[in-house]
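The values are calculated or read from the model by the stated rules, or taken from the named source; none is laboratory data. As the structure is a prediction and not an experimental result, all values here were calculated from the model. Cβ sites come from the backbone with ideal geometry, for glycine too, and all protein chains shown count toward neighbours. Each accessible area value is taken on the protein alone, full model and side chains, heavy atoms only, with ligands, DNA and RNA left out. Shrake-Rupley method; radii C 1.70, N 1.55, O 1.52, S 1.80 Å.
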Amino acid sequence: MKNTIKIVLLGVIGFSLLVYLTVPKNLGNNSSEQNMNLTINSLPRFFDIVGGNPYTKFEEHFRSGEEKYIIFLNHDALAVFKDLYKKTNKNIVFVANISNTPWLIKQIAVNGELEKMYKNSKIALINDSDGMFVNSLGLNDNQQNKYFIYKLNSDETITKIKESTVKLGALEKGLTPDELESTLNEIVKNLN
């Protein structure tokens, strides 16, 4: 019995240590000057699309002369935006800002949950697990219920359109149909 308790205790300590050691450093860049000069060339050239091909090429989702919305979704926003495709036909790509999630948790739970959540969405979701998109746009706010809307303009510049929040705890507790409808309608207004 004592050996079993020791093994369980050591397992818990080992797992906790592994999670602690794999928590990424703050990936955001505090430089506000970087936000002034964002262009299509600021974006990473290879990335993972959830439910798609690993290491997707840049040209498959971003083209010169094409206008597109790039929406960064922190933790709770992921639950709200999955149904945005039902409300708009704008050219959009989502970026799941999960770069500060410990590596082990990403491998065990996050990647599978993202696939399950976005399997019916018509909007591509980029898995930014390594923080390349976060770094390229100098985004340093990981508040769990926040989202950020950027627009890739036809002149290849990128401008920030909106920064806002969704209901805190939306991913774990969910939203009522009325709350979801109201939030999605507010988001669509920002895309016009």
Those residues of region 33-55 which are closer than 30 Å to Leu171 by Cα and at pLDDT below 70, in sequence order: Asn35, Gly52, Asn53, Pro54, Tyr55
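Taking the condition in contact with a helix residue (DSSP H, G or I) (Cβ under 6 Å, 6 or more places away or on another chain), under 18 Å from Lys87 (Cα atoms) and in contact (Cβ under 8 Å) with a residue 40 or more places away in the chain, does Val188 pass? First the steps, then the outcome.
Values: in contact with a helix residue (DSSP H, G or I) (Cβ under 6 Å, 6 or more places away or on another chain): no; under 18 Å from Lys87 (Cα atoms): yes; in contact (Cβ under 8 Å) with a residue 40 or more places away in the chain: yes.
No.
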Qualifying residue in region 169-180 (condition: under 15 Å from Lys68 (Cβ atoms), among the β-branched types (Val, Ile, Thr) and either modelled with pLDDT of 85 or more or in a strand (DSSP E or B) (or both)): no
Candidate set from region 77-110 (those that are at pLDDT 85 or above and part of a loop (DSSP other than H, G, I, E, B)); member that is surrounded by the most Cβ atoms within 10 Å (Cβ to Cβ): Lys82
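Within region 153-183, track down each residue that is more than 17 Å from the chain's Cα centre (by Cα) and either on the phi > 0 side of the Ramachandran plot or in contact (Cβ under 8 Å) with a residue 24 or more places away in the chain (or both).
Asn153, Ser154, Glu156, Thr157, Ile158, Thr159, Gly174, Leu175, Leu180, Thr183
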Test: Lys68 is modelled with pLDDT of 85 or more, of a type in the set (Lys, Arg) and surrounded by 17 or more Cβ atoms within 10 Å (Cβ to Cβ): yes
Those residues of region 115-138 which are polar (S, T, N, Q) and within 18 Å of Ser42 (Cα to Cα), in sequence order: Asn127, Ser129, Asn135, Ser136
Residue that is least open to solvent (accessible area, probe 1.4 Å) [pool: residues in region 140-163 that are closer than 14 Å to Ile70 by Cα and out of contact with any strand residue (DSSP E or B) (no Cβ under 6 Å at 6 or more places or on another chain)]: Asn153
